1. If you fit an axis through the alpha-carbon atoms of helix 28-39 and take the longest principal axis of the Cα set of the chain, what angle between them do you get, 0 to 90°, nearest 10?
2. Which shape class applies to the stretch 22-61: rounded if a/c is under 1.5, otherwise prolate when a/b exceeds b/c and oblate if not, where a ≥ b ≥ c are the square roots of the Cα gyration tensor eigenvalues?
3. Take the chain, connect every pair of alpha-carbon atoms lying under 10 Å apart with a spring to form a Gaussian network, then pick out the residue of 124, 134, 45 with the largest mean-square fluctuation.
4. Give the lysines whose C-alpha is closer than 23 Å to that of residue 21, dropping any in the same chain fewer than 8 places away, or say none.
5. Can you show me the helix-derived [θ] at 222 nm for the chain, built from DSSP H runs with n ≥ 4 at -39,500 (n - 2.57) apiece and divided by the number of residues, rounded to the nearest 500.
6. Name the long-range amide H neighbours of residue 9: under 5 Å, sequence gap of 5 or more, or other chain; modelled H, no Pro or chain starts.
7. Using a Förster distance of 22 angstrom, determine the FRET efficiency expected from the C-beta separation of residue 15 and residue 55, and round it to 0.05.
8. Whole number in Å², please: accessible area per residue of the stretch 1-80, 1.4 Å probe, ligands, DNA and RNA not counted.
Amino acid sequence: MASEKVPMLAEGHAKMSAEVKHLKMVERPAVIDAIEEARAHGDLSENAEYHAAKERQGQIEATISHLEDQLARAMVIDPATLSGDKVVFGATVHLLDEDDNKKTYQLVGENEADASKGRINFNSPLARALIGRSAGDEVEVTTPAGEKYYEIDKVEFK
């Protein structure tokens with residue numbers, strides 16, 4: 001699984017790269033300074049500031065490692081270069097629910113998902129039900145609240 005590609009949009013890739021840069025250039029030096037300051041206070045075995053700073057350092061390094069791994073395996077996809085009538089990663093899908101309420105979702109990578117902004121993880125139950133379908137198709141999705149039915153109104157790439 002370590003060599004599996006991680007699909008993401010260009011903006012998600014840029015945001016992740018910026019986060020790594022911030023962690024390396026701002027957070028890492030700040031925690032190193034905090035460790036040095038805590039060391040100056042003496043006995044490390046009972047020094048809460050030192051232990052907190054070391055724990056924070058571990059979290060920062062783990063986050064940097066995880067993000068760099070994701071970036072190294074990134075498969076950046078620009079939806080504007082896609083076309084067709086089938087739902088694929090990066091597509092914006094306009095749905096009608098059972099009560100003809102309109103919903104719009106874009107299928108994005110795990111780190112880019114934000115349901116409140118209409119961006120859903122391509123591995124979510126709804127996205128998996130939509131992938132490969134076309135406008136006019138009906139889909140059934142099992143959710144914690146029960147079965148949901150949608151009709152795909154339109155598929156677009158922007």
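1. 30 degrees
2. Since a/c reaches 1.5 but b/c is at least a/b, the shape of the stretch 22-61 is classed as oblate.
3. 45
4. Output for residue 21: 5, 54.
5. -11500 deg cm²/dmol
6. Here 77, 109 satisfy the definition.
7. It comes out at approximately 0.30.
8. Computed with neighbouring chains in place, this is 65 Å² per residue.
The values are calculated or read from the model by the stated rules, or taken from the named source; none is laboratory data. Small disclaimer: the values here were computed from a predicted structure and weren't measured. Note: ideal-geometry Cβ built from the backbone for every residue, glycine included; neighbour counts use all protein chains shown. With ligands, DNA and RNA removed, areas are computed over all heavy atoms of the protein, side chains included. Shrake-Rupley method; radii C 1.70, N 1.55, O 1.52, S 1.80 Å.
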